[in-house]
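Okay, so here's the structure we're looking at.
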There are 2 protein chains.
Amino acid sequence: MSTAKPIILTGDRTTGPLHLGHYVGSLRTRVELQHKAQQFLLLADTQAMTDNVGHHQKVTDNVVEVALDYLAAGIDPRLSTIFVQSQVPELAELTQYLLNLVTVSRLERNPTIKEEIRLRDFERDIPAGFLMYPVSQAADITAFKASMVPVGDDQLPMIEQTNELVRKFNSTVGDQILVECEAVLSAVTRLPGIDGKAKMSKSLNNAIHLGASADDIKKAVNRMYTDPNHLRVDDPGQVEGNVVFAFLDAFEPDATVLDDLKAHYRRGGLADSILKRRLNEHLQALLEPVRQRREQFAADRGEVMNILRQGTEKARLVASQTVYEVKAALGLNYFN
Amino acid sequence: MSTAKPIILTGDRTTGPLHLGHYVGSLRTRVELQHKAQQFLLLADTQAMTDNVGHHQKVTDNVVEVALDYLAAGIDPRLSTIFVQSQVPELAELTQYLLNLVTVSRLERNPTIKEEIRLRDFERDIPAGFLMYPVSQAADITAFKASMVPVGDDQLPMIEQTNELVRKFNSTVGDQILVECEAVLSAVTRLPGIDGKAKMSKSLNNAIHLGASADDIKKAVNRMYTDPNHLRVDDPGQVEGNVVFAFLDAFEPDATVLDDLKAHYRRGGLADSILKRRLNEHLQALLEPVRQRREQFAADRGEVMNILRQGTEKARLVASQTVYEVKAALGLNYFN
């Protein structure tokens with residue numbers, strides 16, 4: 001464990017397999033960052049439980065699925081620590097202490113939570129665990145003394161809340177125990193669904209999964225919405241809001257080619273089918289090795305569980321050291 | 001561990017030494033119950049933290065003080081398990097799972113919490129940890145599968161909330177994992193302060209502590225409010241609202257004598273000083289051995305810490321078994 005490398009905490013709720021939206025939004029960055037940072041990757045089953053009461057099997061079944069997606073995308077367990085949230089009870093303990101440092105009304109004002117409550121139609125029936133989850137997230141981050149947290153821009157209020165808690169805790173105990181963190185925003189933060197909806201999502205059935213077959217990928221690209229007014233090839237086409245271009249923005253490696261394609265499309269004469277063929281080639285090239293790695297790991301579930309067990313043990317060591325310091329700072333170390 | 005004996009969970013926030021109000025309200029019952037039940041006594045430092053941010057030393061310093069009061073009052077560590085809440089992290093873990101089963105508005109409707117929020121002038125600035133503490137209390141009770149919880153009548157909504165959570169959890173996982181509990185009300189639930197205020201409390205400076213000296217006890221009894229209209233011995237006196245009679249109700253062992261004293265006082269001719277002398281004798285007889293035991297234990301702090309360490313180890317064993325079952329029922333047992 002090198003102290004020179006920054007510490008990163010990031011992860012995913014385990015509610016379904018990951019898709020290209022995750023790849024662009026976070027996974028791609030994590031695969032790069034694991035060489036430069038000490039990276040902890042959280043399989044957030046406990047957090048997923050907060051709004052999946054009665055659907056806990058969905059949550060627990062997807063722990064391995066998300067782990068497979070990580071490994072398939074190129075996360076190397078020798079470089080990154082993949083661990084299971086529910087198996088690090090120190091996180092629950094730290095959450096409990098941080099909960100005393102934030103008011104209920106402050107949590108209710110959190111813009112991310114407000115939006116998520118709206119999306120889930122909770123209205124007044126917000127599960128207490130759900131309202132509290134930003135505090136649990138702050139515990140996840142601070143337990144590892146992470147200084148960098150890769151997030152989408154919709155998650156910035158969470159980082160702000162975390163840092164408020166860090167400052168409040170440190171000032172309460174009069175010592176710099178917890179560490180403030182910084183949000184690392186991805187260059188391309190969000191991929192639309194293939195149907196043009198703002199968000200790619202499993203539940204909307206508009207996603208391309210990381211384990212998608214060659215045929216699935218091709219079909220999905222063919223289904224992608226383009227410019228509905230681009231009826232004939234010669235018509236001028238619109239690039240903005242065009243799903244295929246949104247994908248090319250994320251996956252076309254040659255910026256000059258991309259600019260040329262956009263200009264050509266705008267003035268007319270470039271067929272959707274040509275764009276789609278190009279995008280399909282990029283996605284096939286990207287996802288073929290991912291799919292192969294996923295199948296290899298999926299065939300050796302014992303090895304995946306080993307990776308998770310070892311990662312979780314390492315995570316517990318780090319988190320328990322922080323909780324030890326937190327409790328000592330509060331005087332809760334009677335037996336030491 | 002006998003399975004025939006009922007399991008009891010009870011305890012105190014560690015915010016100050018205990019007084020006669022605690023003795024009458026709970027301690028006296030616990031000393032009896034330890035012979036008939038498997039009794040877990042919680043030193044609730046984590047719970048005390050929820051409304052003592054910035055005053056954590058008060059909370060941690062009083063862990064030993066309350067333990068001394070328990071031992072002094074006659075709690076036998078061979079019969080009862082005295083343990084420290086913060087040192088049983090399984091309780092935080094269980095709390096986290098129970099938090100998903102209750103809504104924020106349900107917690108806000110809890111009459112005990114409403115009253116406590118009012119008393120603390122929190123208004124909208126309720127610490128999240130404080131609003132959640134009934135859930136943490138439910139975790140304390142259910143972690144030990146306690147079937148009996150000795151409480152004051154003001155705490156009945158807490159028991160109701162606990163049983164709601166038990167039913168919700170069991171129905172969610174489709175198994176009878178957690179156990180419902182029953183409130184055990186003390187015969188005399190509350191002792192007034194020596195100044196006649198409704199509640200005896202350290203902060204109101206109207207309490208008689210369990211460790212009070214003979215002189216302190218005598219002075220406190222002499223300070224006690226009686227009937228302000230009972231100016232001359234021959235005047236008829238009022239028994240209701242008379243602090244000395246409230247204490248005699250709790251400490252006069254002879255019911256016939258007590259009835260005679262009340263009748264005599266009502267018709268006139270019974271001096272306050274006579275009542276106070278009798279009460280003083282009862283309190284001296286009660287508290288002398290308590291004070292002596294307290295001094296003995298206080299002189300051997302290492303032994304007290306040993307008792308707490310052993311109690312906490314035993315409590316962890318029981319609580320971790322329950323948390324194991326809870327997590328297994330939710331499918332959170334990937335590595336077992």
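Summary of computed values
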read-out: Order of A:His35, B:His209 - criterion: other Cβ atoms within 10 Å of each residue's Cβ, fewest first; value: A:His35, B:His209
read-out: Given charges at beta-carbon only (K, R positive; D, E negative), |dipole| of chain A in Debye; value: 160 debye
read-out: Segment B:Asp125-B:Glu108, extension gain: residue separation times 0.36 nm, minus the distance between their alpha carbons; value: 4.8 nm
read-out: Helical mean residue ellipticity (222 nm; -39500 (n - 2.57) per DSSP H run of 4+; nearest 500) of chain B; value: -16500 deg cm²/dmol
read-out: For B:43-56, mean number of other protein chain Cβ atoms within 10 Å; value: 3
read-out: Residue pairs, from the table B:Lys168/B:Lys327; B:Lys5/B:Lys314; A:Lys5/A:Lys327; B:Lys5/B:Lys327; A:Lys114/B:Lys168; B:Lys145/B:Lys327, whose Cα atoms sit over 22 Å apart; value: A:Lys5/A:Lys327; B:Lys5/B:Lys327; A:Lys114/B:Lys168
read-out: Under the Debye formula (equal points on every Cα, no solvent term), log10 I(q)/I(0) of the protein assembly as shown at q = 0.10, 0.11 Å⁻¹; value: -0.96, -1.10
read-out: Under 16 Å from the Cα of B:Lys262 - aspartates and glutamates, other chains or at least 8 residues apart; value: B:Asp227, B:Asp234, B:Asp235, B:Glu240, B:Asp249, B:Glu252, B:Asp254, B:Asp272
read-out: Neighbour-count ranking [beta-carbon atoms within 10 angstrom, fewest first] of A:Ser86, B:Ser136; value: B:Ser136, A:Ser86
read-out: Pair B:Asp61, A:His55: separation of 7 Å Cα→Cβ label points (nm); value: 5.1 nm
read-out: Nearest-first distances (nm) between copies at A:Asn306, label 7 Å from Cα via Cβ; value: 4.6
read-out: Whichever lysines have a C-alpha closer than 17 Å to that of A:Lys218, once near sequence neighbours (fewer than 8 apart) are set aside; value: A:Lys276
read-out: Nearest-to-axis residue of chain B, judged by beta-carbon position, where the axis maps B onto A, in Å; value: B:Ala92, 2
read-out: Other copies of B:Arg118: label-to-label distances in nm, shortest first, labels 7 Å along the beta-carbon direction; value: 3.5
read-out: Cut-off under 5 Å, modelled amide H: who pairs with A:Thr103 long-range; value: B:Ala128
read-out: Most mobile of B:Ala37, B:Ala214, B:Ala299 in a GNM of chain B (Cα contacts under 10 Å); value: B:Ala299
read-out: DSSP bridge orientation in the protein assembly as shown - percent antiparallel, rounded to nearest 5; value: 10 percent
read-out: Kyte-Doolittle at least -0.5, axis length at least 27 Å by Cα - qualifying DSSP helices, chain B; value: B:301-329
read-out: Other copies of A:Ile274: label-to-label distances in nm, shortest first, labels 7 Å along the beta-carbon direction; value: 11.6
read-out: For the stretch A:140-198, the Rg and Dmax computed from alpha carbons only, in angstrom; value: 15.1, 53
read-out: Under 12 Å from the B:Arg232 label point (7 Å along Cα→beta-carbon), backbone N, the stretch B:258-296; value: B:269
read-out: Fully extended contour minus Cα-Cα distance, from A:Lys5 to A:Glu115, at 0.36 nm per residue; value: 36.1 nm
read-out: Three principal axis lengths of the stretch A:1-61 [C-alpha, angstrom, descending]; value: 44, 25, 15
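Here, each number is a calculation from the coordinates, and none is a lab measurement. Small disclaimer: the values here were computed from a predicted structure and weren't measured. Note that we place each Cβ from the backbone using ideal geometry, even for glycine, and neighbour counts take in every protein chain shown.
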